[in-house]
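See below for the structure under consideration.
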Protein chains: 4
Amino acid sequence: MTRSDTMADALPPPLLADEWLNADGPIELAALRGKVVLLHAFQMLCPGCLSHGLPQAERVHRLFRGKDVAVIGLHTVFEHHDVMSPAALRAFNHEYRWSFPIGIDRPAASGAIPMTMQAYGLRGTPSLVLLDRRGHVRLQHFGSIDDLALGAAIGRLLAEDDAALDNAAVPDGSARPECDAESCPAPA
Amino acid sequence: MTRSDTMADALPPPLLADEWLNADGPIELAALRGKVVLLHAFQMLCPGCLSHGLPQAERVHRLFRGKDVAVIGLHTVFEHHDVMSPAALRAFNHEYRWSFPIGIDRPAASGAIPMTMQAYGLRGTPSLVLLDRRGHVRLQHFGSIDDLALGAAIGRLLAEDDAALDNAAVPDGSARPECDAESCPAPA
Amino acid sequence: MTRSDTMADALPPPLLADEWLNADGPIELAALRGKVVLLHAFQMLCPGCLSHGLPQAERVHRLFRGKDVAVIGLHTVFEHHDVMSPAALRAFNHEYRWSFPIGIDRPAASGAIPMTMQAYGLRGTPSLVLLDRRGHVRLQHFGSIDDLALGAAIGRLLAEDDAALDNAAVPDGSARPECDAESCPAPA
Amino acid sequence: MTRSDTMADALPPPLLADEWLNADGPIELAALRGKVVLLHAFQMLCPGCLSHGLPQAERVHRLFRGKDVAVIGLHTVFEHHDVMSPAALRAFNHEYRWSFPIGIDRPAASGAIPMTMQAYGLRGTPSLVLLDRRGHVRLQHFGSIDDLALGAAIGRLLAEDDAALDNAAVPDGSARPECDAESCPAPA
């Protein structure tokens, strides 16, 4: 898929979050135009998020700070809603001292999966979405991805001006019924 | 300190826990006489517990299963009580699939520190207590301890019959005001 | 520095190697035009090369195989020449099973530092040189570099067509007298 | 097997080494009576020795320094003899800065396997031999062993006075034809 395709030209859904941590106020994707954006969707009780995804998001945030890369966390609670409340996330964020902004995905009127997670069609946690400087989704990945591959994907997007690029999407693994050490799949 | 000392001869306080996970019922230290006991005190939102203490307790449990070593987790919540509830711990335990029994330390009538944690004088989480086959405390440590040193301490206690041994206590670090990557100190 | 600068327009020195391992024959940089080239200079007895640089070169080789990235090892022996002979390197290569081609840098007529290492002005091992698709040096680094940063540098070069790019050079550490866990500096 | 068994009562073969590094002179097992001895047999070009065995021997040496544990390295070259010469080992030892004494196992009059390695019946590298305070072999292991298990074995032996102990031997893996990431088996 290239950037001239219809799909790539459509902008991604907005981030629906009523509360933001580590930020002065709500974060709008539109305001990040011109930057590469890494969106990291996680749950605070997801083992793969704790052991891999969140520390990686933190490393990306620190490495590219001030270099046209914005890292955004999104707490996409789709299970154990009662114990992964905003208050619980605040305590978690306080103890782990994440430095990137984290939004709390808005619960849906019905169903377990929150609204932004639904709109992006995320399959579970951890999930990673990369947007290019023009605001288009270029990579969406469920599960863990290693630093070398993620670095390369970010580097490609940073280098882009407006030439068409192949979509560097990493193939997803198959659906899994519940959290394992790597990830927490959402219900289908 | 040797086993003939008065202090070492006193048995440690009982485990005051109203709920046990990964166990058929309450666990009494008296019933473990004859085994070496590793008591791991943790909080589910303590970074050092997640990154080091709990995985180590799990490794000890798996390595010495059926070999006269009993591993017991104790959820000693002394901060963020509202979000480290028994329900939250159950979800945490479900996602991480710990295999050793975990008791929930009984809240004190007043004050933040739960009763067993107080009775043992634990300074924060993670903390580790080793009991010998006769039920006496032989090592109490706040913070992380490496596998080689912990293995040696367990090996020594396994080898003991009833000769007096020097107390192999590892010196504690100094008090710290709040959680860091290693540990969460309790208020003084 | 941009690609329109005089220095960047000069092509780098050729690889002077009389023997190649894991290759069908000599490798010429000119034949790799169109690809991003990662040149990894190492010594088989350099601790930082073994613990970090060589495994990283192997990971890059495996991740980008068939994707316009060529990884080349260069055995730049500048100390302990008698025990880091071609025969020793062959045994080392056999035991470690590196999959990327490795050239043996040609000894200089006088002095400890071999010819390619001298020509590139490498400061010690491990050193990493990145060439863009047009064959120009874009990054030269002494010591270790983490996967995220290396991935990003490779990704940027892969994305390039012919727009001018800032040189993403990583600043070098200061000179060190002998090998430490990270690297082996060459004599000044 | 207990210490009253005939085999356990026989003392192990002497260390046949003509050169010692990191030591003031030859090391005799008899002079270490009263200490627990960890003998680590390795080859400098064995990947599993570099990645696991040698760093573990170094950790044991540092943790138990002055605490009745003696760590001894033994360079048991059984392949690539020409490039794992004493001179090569000296350079290797210089670069890696091992702090424990290392003996060079004496080449046999015929055959690839050196004399001490033969006498102990070691199957390859890395191999680990643990001697108790009375000088008897209590554990012999080919391949890697984790810190918790090794610590426990050392702790047991440190605690011993003269009670009979079960042999805590770790079962060996099956023979492998050449070095892999874990170990280098010797020819049968």
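So B:LEU11 passes all but one of these: (1) modelled with pLDDT of 95 or more; (2) more than 29 Å from A:GLN43 (Cβ to Cβ). Which condition number does it fail?
Only one criterion in (1) modelled with pLDDT of 95 or more; (2) more than 29 Å from A:GLN43 (Cβ to Cβ) is unmet by B:LEU11, namely (1).
Looking only at the stretch A:41-88, count how many residues are charged (D, E, K, R), assigned to a helix (DSSP H, G or I) and farther than 27 Å from A:ARG156 by Cα.
Matching residues across the stretch A:41-88 total 1.
One residue is enough: does the stretch C:76-83 have a residue meeting the conditions more than 14 Å from the chain's Cα centre (by Cα), modelled with pLDDT of 95 or more and over 18 Å from C:GLN118 (Cα atoms)?
The answer is yes; a qualifying residue exists.
Pairs needed: first member in the stretch D:20-36, farther than 20 Å from D:VAL60 by Cα; second member anywhere, not in a loop (DSSP other than H, G, I, E, B); C-beta distance under 8 Å; at least 6 residues apart or different chains.
Once the first residue is farther than 20 Å from D:VAL60 by Cα and sits in the stretch D:20-36, its partners that are not in a loop (DSSP other than H, G, I, E, B) give D:PRO26/D:ALA17; D:PRO26/D:TRP20; D:PRO26/D:GLY103.
Read through the list (1) within 14 Å of another protein chain (Cβ to nearest Cβ); (2) surrounded by fewer than 19 Cβ atoms within 10 Å (Cβ to Cβ); (3) in contact (Cβ under 8 Å) with a residue 40 or more places away in the chain; (4) out of contact with any helix residue (DSSP H, G or I) (no Cβ under 7 Å at 6 or more places or on another chain), then give the number of the only condition that C:ALA119 fails.
Every condition holds for C:ALA119 apart from (1).
Being over 14 Å from the mean Cα position of the chain (by Cα) and away from every other protein chain (no Cβ under 11 Å) is the filter here, so list the residues in the stretch D:47-67 that pass it.
D:ARG65, D:GLY66, listed by residue number.
Within the stretch B:81-100, can you find the residues that are out of contact with any strand residue (DSSP E or B) (no Cβ under 6 Å at 6 or more places or on another chain) and either over 19 Å from A:CYS46 (Cα atoms) or among the polar types (S, T, N, Q) (or both)?
Once the filter is applied, which keeps residues that are out of contact with any strand residue (DSSP E or B) (no Cβ under 6 Å at 6 or more places or on another chain) and either over 19 Å from A:CYS46 (Cα atoms) or among the polar types (S, T, N, Q) (or both), the stretch B:81-100 yields B:HIS81, B:ASP82, B:SER85, B:SER99.
Considering every residue within the stretch D:101-119, establish whether at least one is in contact with a His (Cβ under 9 Å, 6 or more places away or on another chain) and within 20 Å of D:ARG156 (Cα to Cα).
The answer is no, given that none of the residues of the stretch D:101-119 is in contact with a His (Cβ under 9 Å, 6 or more places away or on another chain) and within 20 Å of D:ARG156 (Cα to Cα).
Just the residues that are open to solvent by less than 50 Å² (accessible area, probe 1.4 Å) and without any contact (Cβ under 8 Å) to a residue 24 or more places away in the chain, please, taken from the stretch D:78-116.
Passing the criteria: D:SER85, D:ALA87, D:ALA91, D:GLU95, D:ALA108.
Output the number of the condition that D:ASP146 fails; it satisfies all remaining conditions of (1) within 11 Å of another protein chain (Cβ to nearest Cβ); (2) at pLDDT 95 or above; (3) surrounded by 18 or more Cβ atoms within 10 Å (Cβ to Cβ).
Only one criterion is unmet by D:ASP146, namely (3).
Return the total of residues in the stretch B:13-40 being part of a strand (DSSP E or B) and surrounded by 18 or more Cβ atoms within 10 Å (Cβ to Cβ).
7
Residue by residue through the stretch C:34-55, note down the ones that are in contact with a Leu (Cβ under 9 Å, 6 or more places away or on another chain) and polar (S, T, N, Q).
Answer for the stretch C:34-55, where residues must be in contact with a Leu (Cβ under 9 Å, 6 or more places away or on another chain) and polar (S, T, N, Q): just C:SER51.
Kindly check whether there is at least one residue in the stretch D:57-66 that is surrounded by fewer than 18 Cβ atoms within 10 Å (Cβ to Cβ), out of contact with any Lys or Arg (no Cβ under 8 Å at 6 or more places or on another chain) and closer than 22 Å to C:ALA88 by Cβ.
No, because not a single residue in the stretch D:57-66 is surrounded by fewer than 18 Cβ atoms within 10 Å (Cβ to Cβ), out of contact with any Lys or Arg (no Cβ under 8 Å at 6 or more places or on another chain) and closer than 22 Å to C:ALA88 by Cβ.
Kindly provide the set of residues from the stretch B:83-105 that are aliphatic (A, V, I, L, M) and within 11 Å of chain A (Cβ to nearest Cβ), ordered by number.
B:VAL83, B:MET84, B:ALA87, B:ALA88, B:LEU89, B:ALA91, listed by residue number.
Looking at B:LEU165, B:LEU130, which is the one that is open to solvent by less than 20 Å² (accessible area, probe 1.4 Å) and either of a type in the set (A, V, I, L, M, F, W, C) or at pLDDT below 95 (or both)?
B:LEU130
Give the residue that is farthest from the other protein chains (Cβ to nearest Cβ), with candidates limited to residues of the stretch C:72-82 that are closer than 18 Å to C:ASP18 by Cα and touching a helix residue (DSSP H, G or I) at 6+ places or on another chain (Cβ under 7 Å).
C:LEU74
The values are calculated or read from the model by the stated rules, or taken from the named source; none is laboratory data. Remember, it's a predicted structure, so these values are computed and weren't measured experimentally. Neighbour counts are summed over all protein chains in view; Cβ atoms, including those assigned to glycine, are modelled from backbone coordinates with ideal geometry. Surface areas here come from the heavy atoms of the whole protein model, side chains and all, with no ligands, DNA or RNA. Shrake-Rupley method; radii C 1.70, N 1.55, O 1.52, S 1.80 Å.
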